[in-house]
Structure formats: C-alpha cells, structure tokens
Amino acid sequence: MFEPVSVAREITGVGRNLLLCGDGAAPLCPQLQPYAAQAQCVYIDPPFMTGDSFTRRRRFGQSGWKTGRPSPEYPAYADRYGTREAYLAFLRGLIENAHRLLNRTGVLALHLDWHTSAYGRLICDEVFGEELFLNEIIWAYESGGRAKKYFSRKHDTILLYARTKDYRFDLRRVPLERTEHRKNHMRRSVDENGRAYSEIKTGGKVYRYYDDAPVYPGDVWTDISHLQQRDPERTGYATQKPQKLLDRILRPVVNNGDLVIDLCCGSGTALAAAQMLNCRFVGVDSSPEAILTTASRLDNADLTIDCPCTLDETRLEGMYTGPGGMLLLTGFDAAHPSFPRTEQAMDALESWSAGHITDSGFIVDQTFRRTTRQPELPLFCLLAEGRGKPGVSTVDAAGRRRVFKWVEE
Ligand SMILES: C[S@@+](CC[C@H](N)C(=O)[O-])C[C@H]1O[C@@H](n2cnc3c(N)ncnc32)[C@H](O)[C@@H]1O
C-alpha cells in the first residue's frame with residue numbers, strides 16, 4: 001500500500017538546477033549560499049505594491065484538459081505589505097541579495113512599474129552604485145483597460161545595473177527583425193557594391209543607413225506584447241511575463257552554461273528563457289503554487305525542487321510488483337471544494353512521478369502530466385530498481401503536492 005510521507009526535496013536527473021520555495025528577500029539561506037558571486041544575471045520581477053491578490057488558473061481532469069473549459073482559480077500570492085516601509089524593506093532585501101549573488105561580469109534586471117520604479121532606482125543606486133546603472137528600459141504594451149482621468153499607464157520599467165565595470169553585455173546578440181522603416185523623407189540609393197541605403201543630410205553631416213545593416217533595440221520596447229488569453233505559452237499564473245521579453249533581457253548578458261537566478265520566479269518565465277539559452281538556473285519564490293507551475297513548465301530539466309508537501313488523509317491506491325517491476329495507480333481520493341463531481345476516478349490527479357525515497361529526497365525516475373495534447377494521464381509504468389524505497393509524488397488539480405511511500409502489507 002501507499003503511505004503518505006513528508007519529503008520536501010525532489011530530484012530529477014542530477015538535480016543541477018534549483019527551484020526553491022522560500023523568501024528571496026531574506027539573508028541568503030543555506031540552499032542559496034553556494035550561489036554567492038556565481039550568477040551572470042539576476043532577474044527580479046517582484047510584486048509591485050498593488051494591494052491585490054493573484055491566482056493561478058488550473059484545469060480539472062481529463063475533460064478539462066481536453067476542452068480547455070474555464071477553470072477554477074487558486075491563490076498564488078498576495079501583493080500586500082501593510083506599509084510602504086515594509087514593502088521597501090522587502091525590495092531592498094531582494095536587491096541586496098542580487099548584489100551578493102552576481103559575479104563580477106554579472107547584470108541585475110529589476111522589473112517594476114509606476115508604483116515602485118522610482119524607489120527601485122534609488123535603492124539600486126545605493127546598493128550597486130549610480131555609476132553601475134546601465135538602462136531604464138521601458139516595456140510598452142497595449143493590453144488592459146484605458147484610463148479617462150489621466151494618460152493610460154501602459155508600460156513597465158526594467159532597470160539594468162552592472163555588478164562591476166567589467167560587466168558583460170553583447171548587443172549583437174539581439175538584432176531586431178527587419179521591418180520596413182519609415183524613411184520616406186530620406187534619399188534612397190545603392191552604393192558601388194550594390195547595397196541599398198537611405199541617406200539624410202542634417203546639420204552639415206550625412207547619415208547613411210544600409211538596408212542590410214542589423215538594427216538593435218533601444219531602451220523603449222514596443223514590439224513585445226503581453227500574452228494573449230489563448231497563447232499556448234500561458235500557464236494560468238496571473239502575472240506571467242512573455243518569454244520573448246526575458247529572452248531579450250538575458251541574451252546580451254549570458255553565454256552557454258552561465259547561471260541565471262530569479263528571486264521571484266512566479267511561473268518561471270526567466271528560467272524557461274535561461275533553459276533555452278543553455279544556462280543553468282536557480283528560481284526562488286515564496287509561493288508553492290509558483291514553484292509547482294515552474295516545475296511543470298520546465299519539464300525535462302535537471303531539477304532539484306525544494307518545496308513543502310501536503311501531509312493529510314488523502315489516499316493513493318495502487319500496486320507495485322517489486323524491484324524493477326510494474327507500478328500501477330488505481331485510486332486517488334483528493335478532495336477540494338472547487339473540484340466538480342466527476343465520473344473519472346483519477347480526475348483529481350494532475351501529474352505524478354514514480355521514483356525512490358532516499359535520505360537526500362525523492363529521486364524521480366519518470367513523470368507523467370496531463371497536457372492539452374494528451375489529457376489522459378498514464379497510470380502505470382515500469383519502475384527501474386533504485387536506491388531507497390519505491391514511491392510516488394503527486395500534484396492534484398488544486399496544486400497540492402504529496403509524496404507516498406510503497407510499503408508491503
Ligand atoms: C510578478 S510575479 C513574478 C512573475 C514571473 N516573472 C512570471 O513571469 O511568471 C511576483 C512573484 O513574487 C513572488 N514573491 C512574493 N514575495 C516573495 C518573496 N519574499 N520571496 C520570493 N518570491 C516572492 C510571488 O509569489 C510571485 O510569484
């Protein structure tokens with residue numbers, strides 16, 4: 001039979017990358033200390049002091065994943081700090097940690113909006129030094145409502161600070177896609193090598209722009225929109241940012257194998273971008289919902305997940321035929337007021353992993369998830385022999401993680 005146990009740490013592969021459920025603003029905890037002065041980029045997209053609460057939408061069971069039916073929302077995090085002072089202490093904690101974690105060529109990207117960007121700038125000037133300010137990037141978008149009593153607030157601010165004057169930044173890694181620029185007022189011509197250009201004379205100088213010369217972004221970005229409702233990239237996490245935005249932030253700063261740290265990782269956008277750029281990564285978030293969203297998004301990554309699990313009366317039923325044998329799940333009775341009545345016995349199960357419970361944590365052998373392409377969850381596997389006790393870790397449709405150990409009756 002399967003018996004519930006409490007195992008916080010889950011390891012896939014050799015566990016090279018870390019997802020930690022914890023406080024990114026507190027003095028570095030033992031799990032983060034080894035990363036001091038190691039990161040090439042630290043990205044922080046903290047709550048913006050809005051006073052709101054944010055959720056994650058989830059799908060329920062096979063039919064929910066098949067039809068994409070509107071899904072229940074579960075609390076992800078509250079952006080409430082009581083006082084401005086409390087918020088500023090939190091923001092300062094994050095910035096000071098970024099300063100500790102960056103290596104000498106590293107860069108901080110701090111993502112804020114009109115609520116707090118002025119404070120962020122002042123704290124960064126103090127912690128990093130004014131002379132290490134690189135950019136105030138304006139990320140402008142069109143989505144959301146329109147104001148009537150003032151101009152609509154349609155941009156976020158991303159502050160870039162270098163850790164030292166020896167920082168690394170290669171703008172050539174983010175050429176813009178070529179679009180037809182409006183150069184109607186310029187003279188069009190072709191040079192002796194057949195290259196087309198536009199030219200303008202102003203203030204006694206001649207400016208020539210070749211059509212085939214790369215164009216790089218300035219500090220106002222208008223070409224990246226917020227994710228649409230039906231964008232396949234969407235995880236259901238309320239404040240998810242587009243991966244294209246994070247790709248543009250990281251690309252000029254990191255190389256293959258560099259370490260990227262996100263101290264408020266949310267749905268894991270920066271980490272997904274880092275993974276695409278072949279970087280190692282560490283993600284921290286105080287919300288278990290964020291850590292589990294990120295973990296499911298970074299499928300196949302070499303991961304150590306450090307996140308508390310639920311220990312309750314929920315029963316997992318099934319059988320295991322012995323070392324190297326078959327592991328089969330037959331029942332899972334997790335309940336939640338949001339769960340609809342369902343005919344399907346295993347609908348409350350969103351994903352599960354088979355593996356072994358050891359002193360260092362739950363060592364994952366295989367993971368199964370519902371996806372839009374495959375809404376039906378496989379319920380058995382062959383579990384290779386391994387160190388420790390055979391076991392199963394589950395995530396239910398309300399985002400609660402549990403671990404069960406197999407014990408012979
Ligand atoms: C704006 S969201 C980040 C969104 C993320 N960039 C994404 O694309 O999904 C802010 C995150 O900060 C997290 N957070 C709040 N307080 C925190 C703390 N003390 N330490 C770490 N994370 C925290 C919240 O749980 C939330 O996930």
Next on the checklist: Running a GNM on the chain with Cα contacts under 10 Å, which residue among 354, 86, 109 ends up with the highest mean-square fluctuation?
Outcome noted: 86
Next on the checklist: Connecting C-alpha atoms closer than 10 Å in a GNM of the chain, tell me which of 372, 330, 83 has the biggest fluctuation.
Outcome noted: 83
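Could you give the length gained on full extension between residue 193 and residue 146, defined as 0.36 nm per residue of separation minus the Cα-Cα distance, in nm?
Taking residue 193 through residue 146 to full extension adds about 11.9 nm, to one decimal.
Rounded to the nearest 500, what is the 222 nm mean residue ellipticity of the chain from helices alone, with -39500 (n - 2.57) per DSSP H run of 4+ residues and division by all residues? Please report the intermediate quantities before stating the final value.
Working: 6 runs with 63 residues, N = 409.
So the helix-based figure for the chain works out to -4500 deg cm²/dmol.
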Checklist outcome for this item: GNM of the chain, Cα pairs under 10 angstrom: of 205, 389, 244, the biggest fluctuation goes to 205
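Starting with the highest mean, order 100-107, 322-329 by the number of other Cβ atoms within 10 Å, averaged over the residues of each peptide. Spell out each step's value before the answer.
Numbers: 100-107: 21.5, 322-329: 15.0.
Answer by packing, highest mean first, reads 100-107, 322-329.
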Checklist entry - Using a Cα distance threshold of under 20 Å, what count of lysine pairs results for the chain when pairs must be 8 or more residues apart or interchain? => result 5
Checklist outcome for this item: Any chymotrypsin sites (Phe, Trp or Tyr not before Pro) in region 156-243 that lie in a DSSP loop and have at most 16 other Cβ atoms within 10 Å would be 169
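So if we plug the beta-carbon distance of residue 31 and residue 302 into 1/(1 + (r/R0)^6) with R0 = 22 Å, what FRET efficiency do we get, rounded to 0.05? Can you show the working numbers first?
Working: r = 16 Å, r/R0 = 0.74.
That gives a FRET efficiency of 0.85.
Laboratory data are not the source of any read-out in this text; all were calculated from the coordinates shown. What you see is a predicted model, and the numbers here were worked out from it, not measured in a lab. Because the Cβ atoms are built from the backbone with ideal geometry, glycine has one as well, and the counts that use them run over all protein chains shown.
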